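First up is the structure itself, then whatever we jot down about it.
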Amino acid sequence: MKKVVFAVLTALTVLSVNPVFAAGGDDDFSAFTASERKAALKELEFSDDISQDQIDSLSDAMIYELSKEDGEIVSIKKVSRNLDTGNEDEIGTRTLDPDDFEMTVVAKRIYEKSGKDNFKFVATGEWLTNPVYEFTDAIALAWSDDFTLYDDDCYVMTSFGAKRDVVTLNDVDPEGGIAYDIDLLVGRDEDEIVLTAKVYKDDDDGSANVVGEYGHVQIQASSINVGFSSGSRPSVEMSVSYAADIEMASPDYDSFDY
């Protein structure tokens, strides 16, 4: 059945492009008008488990990313609450204030790999207030069930469009996760950091987990070290040098069936 769906949707993909984005690319997109947002959402397909409130909560940058491929959005998870992720052995580890930062992770079934379970994960970190410290931060995605990464992207969505010259790859585990460093621009609103990962595995039935995490550095650090745990409950660990401090966004855990 999945193969039949893949063949049909592959043909439709060639013929259909979301009319909202018919012209221009990432560098030209910054925000929707109210009518553009409504039109873009109308073109997206959501599973029955997703509520209207979840759909309405999606940011413009998230909607834009989800509009690039045909498929079904199977899960949406947004967190803005505090979670104590500190460790007694760590110096000054805190959690980002929910009034300052919001994390969203979405899983979308796509149809680029014939005969495979194929998904696109999108993590967005949205600054609700401009951060006091603007050095090098990190954003990461990690997943379970041995899905293999085959494509990724990371950029900062600003009011002037997408900027990729401020992000660099931090670490990648093709079967576990990916992370990017982000150079925050002093004195400028960062708006939203976007990380995408396309993954696949052999056609099967199961339930998997994906987690998004963001680390905000206080005081300049020489580097951010990122590690992944890709077990049944994937996780992302970040650390910095002794002289620095890192605040973590609430880890955004999401699950989906395949």
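Kindly provide the set of residues from region 157-172 that are among the small types (G, A, S) and either part of a strand (DSSP E or B) or under 30 Å from D205 (Cβ atoms) (or both), ordered by number. Quick ask: steps written out before the conclusion?
Of region 157-172, the ones among the small types (G, A, S) are 159, 161-162.
The answer is G161, A162.
Can you name the residue in region 141-156 that is part of a strand (DSSP E or B) and not hydrophobic (A, V, I, L, M, F, W, C) and is also surrounded by the most Cβ atoms within 10 Å (Cβ to Cβ) among such residues?
Among those residues, the one meeting the criterion is Y155.
Is at least one residue of region 66-79 at pLDDT below 75, of a type outside the set (V, I, T) and assigned to a strand (DSSP E or B)?
First, the residues of region 66-79 that are at pLDDT below 75: none.
The answer is no; no qualifying residue exists.
For region 156-174, how many residues meet the condition of being within 15 Å of the chain's Cα centre (by Cα) and within 19 Å of N209 (Cβ to Cβ)?
Residues that pass the stated criteria total 1.
How many residues does region 121-155 hold that are closer than 20 Å to V211 by Cβ and among the hydroxyl-bearing types (S, T, Y)?
Residues meeting the conditions: 4.
Of the numbered conditions (1) at pLDDT 75 or above; (2) under 17 Å from the mean Cα position of the chain (by Cα), I224 fails exactly one; give the number of that condition.
(2)
The values are calculated or read from the model by the stated rules, or taken from the named source; none is laboratory data. Remember, it's a predicted structure, so these values are computed and weren't measured experimentally. In this analysis, Cβ positions are derived from the backbone assuming ideal geometry, glycine residues included, and neighbour counts consider all displayed protein chains.
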